[in-house]
Amino acid sequence: MPVSEPGLQVGTADGTATVTIANPDRRNAMSLAMWESLPHVLAALAADPEVRVLVLTGAGDTFCAGADINDMATPAGARAAQQAAVAAEEALAAFPKPTLAAVRGYCVGGGCQLAVACDLRFAAQGARFGVTPARLGIVYPASSTRRLAELTSPSTAKHLLFSAELIGHERALRTGLVDEVLPPDALDKRVREFTGVLRSRSRLTQAAAKEFAGAAPDPARTAHWQRQARLSGDTDEGTAAFLAGREPRFTWSPPAD
C-alpha cells in the first residue's frame with residue numbers, strides 16, 4: 001500500500017484504492033504540497049496490479065473546499081498553485097483504471113476540478129458544487145474549462161464560471177455534473193457495491209472505453225484494442241460464462257511498461 005502523503009490518506013482493500021482528501025482545519029482545501037503530491041500517489045496506485053478501481057473522497061462531511069487560499073497570497077504563489085492543480089487534475093484524468101468521486105458537502109473550486117477529472121461522480125444529498133475563479137479574478141485553465149463543458153454543456157460551464165454560484169445536488173444531477181445522488185447514509189454502501197461491480201468486469205473493456213471516450217477516433221488505437229481483445233481471450237470467456245450462467249473470469253491486464 002502506498003505511503004500516505006500529508007493531507008492525502010491512501011488505503012486499499014479488495015482491489016479498490018481510496019484516496020481521501022484530509023485537511024480538516026481548512027475544510028479539506030488542497031494546499032500546494034497536496035497538489036504536488038497527488039500525481040505521485042496516483043502513479044503508485046496506477047502501477048499496483050492489485051488496484052482495479054480508484055475512489056476519491058473527502059474526510060468528514062466535506063469533499064474539498066478548493067485550493068488553499070493561503071498559497072495564493074502572491075502572484076508567484078497563485079501561479080504555482082494553479083500549475084500544480086492542473087498537473088494533479090491531468091494525472092487524475094489520465095489514471096488508467098476507473099475512477100469515482102464520492103462527494104459529500106462542499107465540492108468547490110479545485111475540489112470540483114478534481115471531481116470532474118474522475119470518470120464518475122456519486123454525491124450525497126445536500127452536496128453543493130461550484131467553480132469559483134470569478135470571485136478572485138482568476139482565469140480558469142483552458143483544459144479544465146473544456147473538461148467541465150464536455151461533461152455538462154457549454155452553457156452550464158459558463159453559468160458556473162461566470163457566476164461562481166453554488167448549485168445543489170438536484171441541479172448537478174440534472175446537468176450531468178454528477179451521475180448518481182444518494183441519501184447521505186447510503187453513499188458509502190453504494191460506492192462499495194458499485195466498485196465491486198467494476199472489479200468484476202473486464203479490464204480490457206474498461207481500458208479501451210476509457211481511452212475512446214476521452215479522445216478523438218484513431219484507427220491505429222482502434223486496431224490496437226481489437227488486437228488486445230483477440231489475444232486476451234476475454235471475449236470468449238465472457239461469452240462462455242454468459243451461456244453457462246456463471247460469473248466470468250477475465251484474465252487481461254495492462255501490459256507491463
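Worth a mention:
- Long-range HN-HN contacts of residue 132 with modeled amide H, under 5 Å: 109
- The long axis of helix 187-200 is offset from the longest Cα principal axis of the chain by roughly 40 degrees.
- Rounded to the nearest 20, the Cβ-based charge dipole of the stretch 65-177 about its Cα centre (Lys and Arg +1, Asp and Glu -1) stands at 220 debye.
- Compared with the dominant Cα axis of the chain, that is its longest principal axis, helix 142-151 is turned about 60°.
- Eligible lysines near residue 210 by straight Cα distance, threshold 18 Å, same-chain separation 8 or greater: 97
- Mean projected area in nm² (Cα convex hull; one quarter of hull surface) for the chain: 14.6
- The heavy atoms of residue 118 present about 10 square angstrom of accessible area, all protein chains included, probe 1.4 Å.
- Largest first, the three principal axis extents of the alpha carbons in the stretch 181-230 are 46, 23, 7 Å in whole numbers.
- Per-residue ³J(HN,Hα) for the stretch 94-109, Karplus 6.51 cos²θ - 1.76 cosθ + 1.60, θ = phi - 60°, Hz, x for Gly and Pro: 8, 4, x, 10, x, 10, 9, 8, 9, 10, 10, x, 7, 10, 10, x
- Long-range HN-HN contacts of residue 103 with modeled amide H, under 5 Å: 122, 123, 124
- Low-density loop cleavage sites - trypsin sites (Lys or Arg not before Pro) in the stretch 189-254, where at most 12 other Cβ are within 10 Å (DSSP): 246, 249
- Angle between the chain longest axis and helix 75-93 axis [Cα atoms, degrees, rounded to 10]: 20
The values are calculated or read from the model by the stated rules, or taken from the named source; none is laboratory data. Note that the structure is a prediction, hence the values are computed from the model and not measured. All Cβ positions, even for glycine, are placed from backbone atoms using ideal geometry, and neighbour counts span all protein chains on display. For accessibility, only protein heavy atoms count, side chains too; no ligands or nucleic acids. Shrake-Rupley method; radii C 1.70, N 1.55, O 1.52, S 1.80 Å.
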